[in-house]
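Working notes, structure below.
The values are calculated or read from the model by the stated rules, or taken from the named source; none is laboratory data. Just so we're clear, the structure is a prediction, and the values are computed from it rather than from any experiment. All Cβ positions, glycine included, derive from the backbone under ideal geometry; neighbour counts span all protein chains shown. Side chains included, ligands, DNA and RNA excluded: accessible areas come from the protein's heavy atoms. Shrake-Rupley method; radii C 1.70, N 1.55, O 1.52, S 1.80 Å.
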Amino acid sequence: MPRSVSSLRELRDSGWPGVVALAVGIFAMVTVEELPIGVLTLISDDLDASKGAVGLGVTLAGAVAGVMGLSTSVVIGTLDRRLVLVVALLLVSAATAATAAAQNVAVYLVARLIAGLGIGVFWALIAIVASRIVRPERAALATTVAFTGAAAATILGVPLGTWLGTTWTWHTAFFVLAALCLVTAGALWVLVPRVLVTERFTFDGYRHAWSIGPVRLALFVTAVLVVAQFCAYTYASPALQEFAGVSEAGVGGMLLLMGVAGLVGNVGSAPIMRTRPMLALLLVTTGMTVGVFVLMISGAPIVAAIAMTIWGLFGGAMAVVLQHWVLTSAGEYAEPAAALDSGIFNFAIAGGAALGALVLDTSSIHAVYVVAAIGMLTATLMVVAYRRRITRAAAR
C-alpha cells in the first residue's frame, strides 16, 4: 500500500479529522438554514414579496428538518451513517443552488423546503457520529468541537453571506454556499470513517427515550427556548434597524459581532457543561433573555452592539448545552433521544420563524421581541424549577 494512502487511512481512523469535517458540515447546514435572516430585506425586495413570506423560507426548512430529525434513524436502518451524511450534503447543495436561481417566491420556498430534508438528516446524526469516531472518553469533546461549526456559521456564514448579498446579490451568496456544501460532502467522505450500527431503530426507541423524565424536560425546554430564539433572530435585521438605527449595510457587522461572541460561548461552555450542566443551561437562558431585552431598549448602534454580544455569547452555547443534557440523560437510548432533540430543535426553529412572521405582519417588530423575551424568560424559569427540584432531592 502506498505510504500516502496508508497515512490518509491512519489520519481518518484517528477520528479527529472527521470531527472537523462534521463541524464544517454543520457550519454549511446552519448557514443554509439561517442565511435568509441576513439577506431577508434583499430577497423581499428582489422577489417582490413580504418580509413575512421570505421569513417563511426559514420556517419551511425548519419544519421539514424537524420531520427528518424525528424519522431519520428509523428510515435509514443500519445504513452507514457517513454515507447518509454525504447524501444529505449533496441534497442541500442542489437545493441551495435552486434557491440561488429562484426568480419568484414560490420557487424560493420550494427549494427551501427541499433543503430542509438534508438539514434534518444532518442534525439527527451529527452528535452520534462525532461521539462514535473518537475514543469514548473524548466523546463529549468531539461533540463540542463538531457543534462549534454551528456557532461558526453565525460568526462567518450568515455575516459573510450577508456581505456577499449586499456587495453583489443575494443569489451570489446562495451559489457560493451551494458550492461549499458540495466540497464538504467530498471532504466528509474522505475524512470520516464508516459508522455502522447493528441494531435497527424503531419508533419504540423514541417512546423509551421520551419516557425518561430529564430527557422529556430537556426537550420541552429546547422547544420553548429555540422558538423564542428564532422568533427574534429571524428578524434581527429589521430589529437592528428599528431599535438602534443600524444601517442595512451595518447589519452584517452586527451579526458578525454576535457570531464571534457565540463561538466564545460555545467553546467556553464545555468546562461548565461537563461539571455543572444545570448551571451552564441557566446561564444560557438568562444571558439570552438579557441580550434580547437590552437590544429592545438600545436606541443606538453602540448599545445594540453590546446587546448582540451578550445575546451571542449565551445563545452560541445553546445547541451544545441542550444536546449534552439530552444525551447524558438518555443512557442507552442516546440515538433516538438525539433524533428527538434534532426534530424538536428544527420544528422550534420553524415555529419561531413562523411566530415572528405572524406577529410582525399583524403588529410590529417591538411585539416580536416582547414575545421572544417572554419565551426566553419562561425557559429560564423552567430550568430554575428543575434545578431546585434536583437540589432538594440530592439533599435528602
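Checking each residue in the stretch 21-62 for being under 13 Å from the mean Cα position of the chain (by Cα), farther than 22 Å from Ile365 by Cα and small (Gly, Ala, Ser) picks out Ala23, Gly25, Ala28, Ala61.
Does Ser269 qualify as being closer than 21 Å to Leu35 by Cβ and modelled with pLDDT under 90? So Ser269 fails the test. For the stretch 272-287, indicate whether the set of residues that are without any contact (Cβ under 8 Å) to a residue 12 or more places away in the chain and under 23 Å from Glu242 (Cβ atoms) is non-empty. For the stretch 272-287, residues without any contact (Cβ under 8 Å) to a residue 12 or more places away in the chain and under 23 Å from Glu242 (Cβ atoms): absent. In the set (1) of a type outside the set (S, T, N, Q); (2) open to solvent by 10 Å² or more (accessible area, probe 1.4 Å); (3) under 23 Å from the mean Cα position of the chain (by Cα), Gly291 fails one condition alone, (2). Would you mind stating whether Tyr333 is hydroxyl-bearing (Ser, Thr, Tyr), more than 15 Å from Ala223 (Cβ to Cβ) and open to solvent by less than 30 Å² (accessible area, probe 1.4 Å)? Judged against the criteria, Tyr333 is not a match. Any chance the stretch 91-108 includes a residue that's β-branched (Val, Ile, Thr), modelled with pLDDT of 95 or more and either open to solvent by 10 Å² or more (accessible area, probe 1.4 Å) or touching a Pro at 6+ places or on another chain (Cβ under 6 Å) (or both)? Yes, some residue in the stretch 91-108 is β-branched (Val, Ile, Thr), modelled with pLDDT of 95 or more and either open to solvent by 10 Å² or more (accessible area, probe 1.4 Å) or touching a Pro at 6+ places or on another chain (Cβ under 6 Å) (or both).
I need a count of the residues in the stretch 224-246 that are closer than 20 Å to Leu282 by Cβ and over 13 Å from the mean Cα position of the chain (by Cα).
Here the count works out to 3.
Among the residues making up the stretch 356-396, those that are hydrophobic (A, V, I, L, M, F, W, C), open to solvent by 60 Å² or more (accessible area, probe 1.4 Å) and in contact (Cβ under 8 Å) with a residue 60 or more places away in the chain are Leu358, Val370, Ile374, Leu377, Ile390.
Please note which helices (runs of 4 or more DSSP H) are completely contained in the stretch 74-169 and include at least 3 residues that are hydrophobic (A, V, I, L, M, F, W, C) and over 19 Å from Ala185 (Cβ atoms). Talk me through it step by step, then tell me what you get.
Numbers: elements: 81-101, 105-132, 139-152, 158-167.
Filter on the stretch 74-169 gives 105-132, 139-152, 158-167.
Checking the structure you have, find out if any residue of the stretch 259-278 is touching a His at 6+ places or on another chain (Cβ under 6 Å) and either open to solvent by less than 50 Å² (accessible area, probe 1.4 Å) or not hydroxyl-bearing (Ser, Thr, Tyr) (or both). Write out each step before concluding.
From the stretch 259-278, those touching a His at 6+ places or on another chain (Cβ under 6 Å) are 273; that's our starting set.
Pick out the ones that are also either open to solvent by less than 50 Å² (accessible area, probe 1.4 Å) or not hydroxyl-bearing (Ser, Thr, Tyr) (or both) and you get 273.
Among the residues of the stretch 259-278, at least one is touching a His at 6+ places or on another chain (Cβ under 6 Å) and either open to solvent by less than 50 Å² (accessible area, probe 1.4 Å) or not hydroxyl-bearing (Ser, Thr, Tyr) (or both), which makes the answer yes.
Tell me which residues, restricted to the stretch 63-77, are of a type in the set (A, V, I, L, M), within 17 Å of the chain's Cα centre (by Cα) and more than 14 Å from Val227 (Cα to Cα).
Taking the stretch 63-77 first, the residues of a type in the set (A, V, I, L, M) are 63-65, 67-68, 70, 74-76.
Filter again for within 17 Å of the chain's Cα centre (by Cα), leaving 63-65, 67-68, 70.
Answer for the stretch 63-77, where residues must be of a type in the set (A, V, I, L, M), within 17 Å of the chain's Cα centre (by Cα) and more than 14 Å from Val227 (Cα to Cα): Val64, Ala65, Val67, Met68, Leu70.
A search for C-beta distances below 6 Å between a residue of the stretch 54-77 that is crowded, with 21+ Cβ neighbours inside 10 Å and any residue that is basic (Lys, Arg), counting only pairs 6+ apart in sequence or on different chains, returns Gly57/Arg112; Leu60/Arg112; Ala61/Arg112.
Inclusion of Pro36 among residues that are in a helix (DSSP H, G or I) and crowded, with 24+ Cβ neighbours inside 10 Å is warranted.
Out of everything in the stretch 240-258 that is touching a residue at least 60 places away in the same chain (Cβ under 8 Å) and surrounded by 24 or more Cβ atoms within 10 Å (Cβ to Cβ), what residue ends up being nearest to Thr148 (Cα to Cα)? That would be Met258.
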